Amino acid sequence: TSDIIARAVEVLRENDQGAYTIPTKGLYPFQWNWDSCLTALGLAHYDEARAWTEMETLFAHQWPDGMVPHIVFHVWNDGYFPGPEVWRTGRATATSGITQPAVAGFAARRLFDRANDKKLAAERARALLPKIDAWHRWFYENRDPKREGLVAIIHPWESGRDNSIDWDDAFERVPTEGVEPYTRRDTLHADPAHRPTREQYDRYIWLVQHFRGLAWDNARLHDASPFQVVDPGFNAILIRAAADLADLAETLGETEIATANRARAQKGLAAMEQLWSEAHGQYLCLDRITGELIGSASVGGILPAFAAIPRPRAAAIAATVERLAGKVRYVVPSHDPGDPRFDAKRYWRGPVWLVVNYMISDGLAAAGHGKVAQRITQSSLDLIRESGFAEYYDPLTSEPLGGGRFTWTAAMVIEFLR
Ligand code: DGY
């Protein structure tokens with residue numbers, strides 16, 4: 001155990017740039033939003049001050065409207081596409097123009113709760129509180145135009161689950177005409193068979209150009225996007241983060257922030273019921289353009305176990321994970337292997353990711369499903385022992401996939417072993 005932790009710390013140190021950590025060398029040479037917040041949990045095990053800095057650096061690049069971008073391009077690097085010259089968001093330090101799952105509120109609370117240095121933690125958390133709160137407000141103001149309590153993503157990259165089967169049908173509506181010629185860089189660093197396809201990239205880039213044409217005005221982007229999907233995992237993370245931020249704010253005597261976030265979490269939890277599918281034993285995505293649920297059993301619908309969902313929902317999800325465990329050697333696959341579209345090696349169409357495992361097992365343990373939570377933790381540790389700190393893993397064979405020496409994987413391992 002102590003050997004694995006030492007090896008994980010080595011990965012974190014290797015990717016540490018001083019005030020932020022890159023996800024991995026080559027493939028992802030900048031700061032990514034949710035990578036950083038989850039990485040902070042790993043950093044805290046050996047340097048609490050540095051863990052807070054990780055999140056502060058991210059929030060130093062928050063947009064005036066409250067959005068926290070998904071990439072901050074701190075130092076120029078030509079090994080990544082699309083870089084700042086494609087996004088052209090006009091920020092002093094270049095950033096992308098879309099966001100990512102809002103894990104910050106959860107991470108801040110966890111850092112605070114665990115802190116040995118409570119005085120330092122209170123100081124650093126207090127400064128972050130209004131910023132995280134502004135981000136949460138931004139979500140409901142800009143991504144929930146009918147004030148339903150559910151936010152939409154307008155680009156698959158926002159979900160973090162870039163090429164999930166969930167997006168396939170909705171993505172058909174995103175055109176590819178007019179995409180400026182480009183050269184991918186990701187396929188230089190990782191096996192193209194583990195990555196999204198060329199066709200998907202065309203559509204990713206079409207959306208970026210489309211939003212750029214609207215001057216990244218968040219008041220307009222949602223309605224103008226041909227891709228608007230309500231992802232249950234994305235919403236559940238935001239709901240959990242709002243509840244955690246409310247608790248943290250209460251502890252620190254910031255009652256206004258506490259009240260606002262408590263209300264967001266409650267409204268969100270109630271609205272999540274619309275996404276439940278009894279037939280699938282999990283939540284489903286909603287295509288906001290067609291108004292229909294998307295019949296695709298991805299891990300995005302299992303991830304809501306991370307939030308305080310109703311007890312019967314958590315129990316059904318625990319049963320679903322057990323059912324999946326009968327089909328693969330390592331849980332939780334990012335897609336149900338029973339679906340003919342499942343692909344054990346291609347990014348979010350099948351492989352196991354330790355960050356989602358962490359969030360699911362955390363939620364299931366809290367809901368009293370310790371045995372299933374333990375099964376997920378065990379799979380995660382088996383994968384590390386067999387295949388090292390990869391970006392993701394084949395759920396059937398444990399083959400390491402995507403980038404290597406991966407920061408958030410290492411951070412999660414430290415968390416699993418603590
Ligand atoms: C990528 O480039 O693959 C990232 O996932 C986008 O954030």
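The values are calculated or read from the model by the stated rules, or taken from the named source; none is laboratory data. Keep in mind it's a predicted model, so treat the numbers as computed, not measured. Cβ sites come from the backbone with ideal geometry, for glycine too, and all protein chains shown count toward neighbours. Please note that ligands, DNA and RNA were not included when accessible areas were found on the heavy atoms of the full protein model with its side chains. Shrake-Rupley method; radii C 1.70, N 1.55, O 1.52, S 1.80 Å.
A few notes on this one:
- Considering residues of the stretch 111-136 that are assigned to a helix (DSSP H, G or I) and of a type in the set (Gly, Ala, Ser) only, the residue farthest from the chain's Cα centre (by Cα): Ala122
- Filtering the stretch 403-418 to residues that are in a loop (DSSP other than H, G, I, E, B) and surrounded by fewer than 24 Cβ atoms within 10 Å (Cβ to Cβ) leaves Gly403, Gly404, Arg405, Arg418.
- Selected residue [over 23 Å from Glu256 (Cβ atoms) and among the acidic types (Asp, Glu)] from Glu85, Glu123: Glu85
- Within the option set Asp47, Asp35, being charged (D, E, K, R) and within 16 Å of the ligand (Cβ to nearest atom) holds for one residue only, Asp35.
- Condition met for Arg341 (open to solvent by 10 Å² or more (accessible area, probe 1.4 Å) and either within 18 Å of Ser379 (Cα to Cα) or touching a residue at least 60 places away in the same chain (Cβ under 8 Å) (or both)): yes
- Odd one out for Ala279, checked against (1) within 18 Å of the chain's Cα centre (by Cα); (2) not β-branched (Val, Ile, Thr); (3) not in a helix (DSSP H, G or I): (1)
- Residue pairs meeting the criteria (Cβ under 7 Å; at least 6 apart or on separate chains; first more than 18 Å from Arg184 (Cα to Cα) and touching a residue at least 24 places away in the same chain (Cβ under 8 Å), in the stretch 73-91; second open to solvent by less than 40 Å² (accessible area, probe 1.4 Å) and of a type in the set (A, V, I, L, M, F, W, C)): His74/Phe30; Thr89/Trp216
- Selection from the stretch 287-321 of residues that are touching a Pro at 6+ places or on another chain (Cβ under 8 Å) and closer than 16 Å to Asp166 by Cβ: Ile289, Val299, Gly300, Gly301, Leu303, Pro304
- Only one entry in Glu85, Glu158 is within 16 Å of the ligand (Cβ to nearest atom), within 19 Å of the chain's Cα centre (by Cα) and assigned to a helix (DSSP H, G or I), namely Glu158.
- The stretch 369-418, residues that are free of Cβ contacts under 8 Å to residues at least 24 places away in the same chain and closer than 17 Å to Met359 by Cα: Gly370, Lys371, Ala373, Gln374, Gln378
- Note on the stretch 189-206: residues that are assigned to a helix (DSSP H, G or I) and away from the ligand (no atom under 12 Å from the Cβ) total 7.
- Some residue of the stretch 137-155 being open to solvent by 50 Å² or more (accessible area, probe 1.4 Å), assigned to a helix (DSSP H, G or I) and either touching a helix residue (DSSP H, G or I) at 6+ places or on another chain (Cβ under 8 Å) or within 16 Å of the ligand (Cβ to nearest atom) (or both): yes
- Output for the stretch 95-119, where each listed residue is out of contact with any Pro (no Cβ under 9 Å at 6 or more places or on another chain) and either open to solvent by less than 40 Å² (accessible area, probe 1.4 Å) or within 16 Å of the ligand (Cβ to nearest atom) (or both): Pro101, Ala102, Val103, Ala104, Gly105, Phe106, Ala107, Ala108, Leu111, Phe112, Ala115
- Taking the conditions (1) in contact with a strand residue (DSSP E or B) (Cβ under 9 Å, 6 or more places away or on another chain); (2) more than 15 Å from the ligand (Cβ to nearest atom) in turn, Leu58 satisfies each one other than (2).
One line per residue, one yes/no per condition, for (1) open to solvent by 60 Å² or more (accessible area, probe 1.4 Å); (2) away from the ligand (no atom under 16 Å from the Cβ); (3) modelled with pLDDT under 95:
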{"site": "Ala125", "(1), (2), (3)": "no, yes, no"}
{"site": "Asp169", "(1), (2), (3)": "yes, yes, no"}
{"site": "Pro175", "(1), (2), (3)": "no, yes, no"}
{"site": "Tyr182", "(1), (2), (3)": "no, no, no"}
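- Any chance Arg311 is open to solvent by 20 Å² or more (accessible area, probe 1.4 Å) and touching a Ser or Thr at 6+ places or on another chain (Cβ under 8 Å): no
- Some residue of the stretch 11-21 being within 13 Å of the ligand (Cβ to nearest atom) and among the hydrophobic types (A, V, I, L, M, F, W, C): no
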